[in-house]
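The values are calculated or read from the model by the stated rules, or taken from the named source; none is laboratory data. What you see is a predicted model, and the numbers here were worked out from it, not measured in a lab. Neighbour counts run over all protein chains shown; Cβ positions are idealised from the backbone, glycine included.
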Amino acid sequence: MPRFLRLTGCALAALGAAAMIGCENNTVSGDVLATENEELRVRLGDLERQLQDCNAQRSSLQSENSELASSLQAAMDSGTASGGGSAAFSDSLGTIDGTTVYQSGEGIVVAVAGDVLFASGQATLKSAARTSLDRIADVIKRDYPGNAVRVEGYTDSDPIRKSKWASNEQLSAERALAVEKQLVSRGIPNERIYSAAFGPAKAKGTKSASRRVEIVILATPG
């Protein structure tokens, strides 16, 4: 056989071997892809089941929240506090200018905007604020004669720069104390009332809303 033909035969043999290797490689690649595809299907199934579980839990929580809201509203309508005791809503509190009244786990909260009570950076009560606080004191004496009262002072988070106060906590403490003194001057016994300073803690949605004093009429045990 001529040398040319021998070379051609060798080349064909090499090509045939390469083709066989290529088929084997394709078979291996196909097996890998099939395995990966099956793993992805399993993972997808797991994720779908987790999503179903989450949706079921969300529906359950929504139902529980709805039931709790209904129970709270029923308790408020019947004049019982959610925290127990005798701190139930008094209609008179909701008629006082500059106040927001709501129920908490501890009792009733009468929130008074800081801008209503004080000038910026000050802890001296405005004249109009004294009138509102006097009305709050009268309601507490009449409707909550046995309840303790906690006066909580709050500020926004802006650092103290121009005023004399060393910190927001100090400013909130002085403001809470000013409100406490006004309530005591109107007849709330000293042994039933105390103040607390929280500074920028428990911030609200805006800086203006964060500056406030909250008068908490605590529920009595039982």
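Odds and ends about this structure:
- Given (1) at pLDDT 90 or above; (2) polar (S, T, N, Q); (3) in a helix (DSSP H, G or I), number of the condition residue 147 does not satisfy: (3)
- In segment 172-194, the count of residues that are in a strand (DSSP E or B), farther than 19 Å from residue 116 by Cα and aromatic (Phe, Trp, Tyr) is one or more.
- From 181, 202, 162, residue being at pLDDT below 95 and closer than 25 Å to residue 127 by Cβ: 162
- Taking the criterion of being among the acidic types (Asp, Glu) and under 25 Å from the mean Cα position of the chain (by Cα), the residues of segment 106-154 that qualify are 106, 115, 152.
- If only residues of segment 108-129 that are surrounded by fewer than 16 Cβ atoms within 10 Å (Cβ to Cβ) and touching a helix residue (DSSP H, G or I) at 6+ places or on another chain (Cβ under 8 Å) are counted, the one that is farthest from residue 96 (Cα to Cα) is 121.
- Residue in segment 215-222 that is at negative phi and touching a helix residue (DSSP H, G or I) at 6+ places or on another chain (Cβ under 7 Å) present: yes
- Residue check, residue 162 surrounded by fewer than 21 Cβ atoms within 10 Å (Cβ to Cβ), without any contact (Cβ under 8 Å) to a residue 24 or more places away in the chain and charged (D, E, K, R): no
- Residues in segment 103-141 that are without any contact (Cβ under 8 Å) to a residue 12 or more places away in the chain and not charged (D, E, K, R) were compared, and the one that is nearest to residue 188 (Cα to Cα) is 131.
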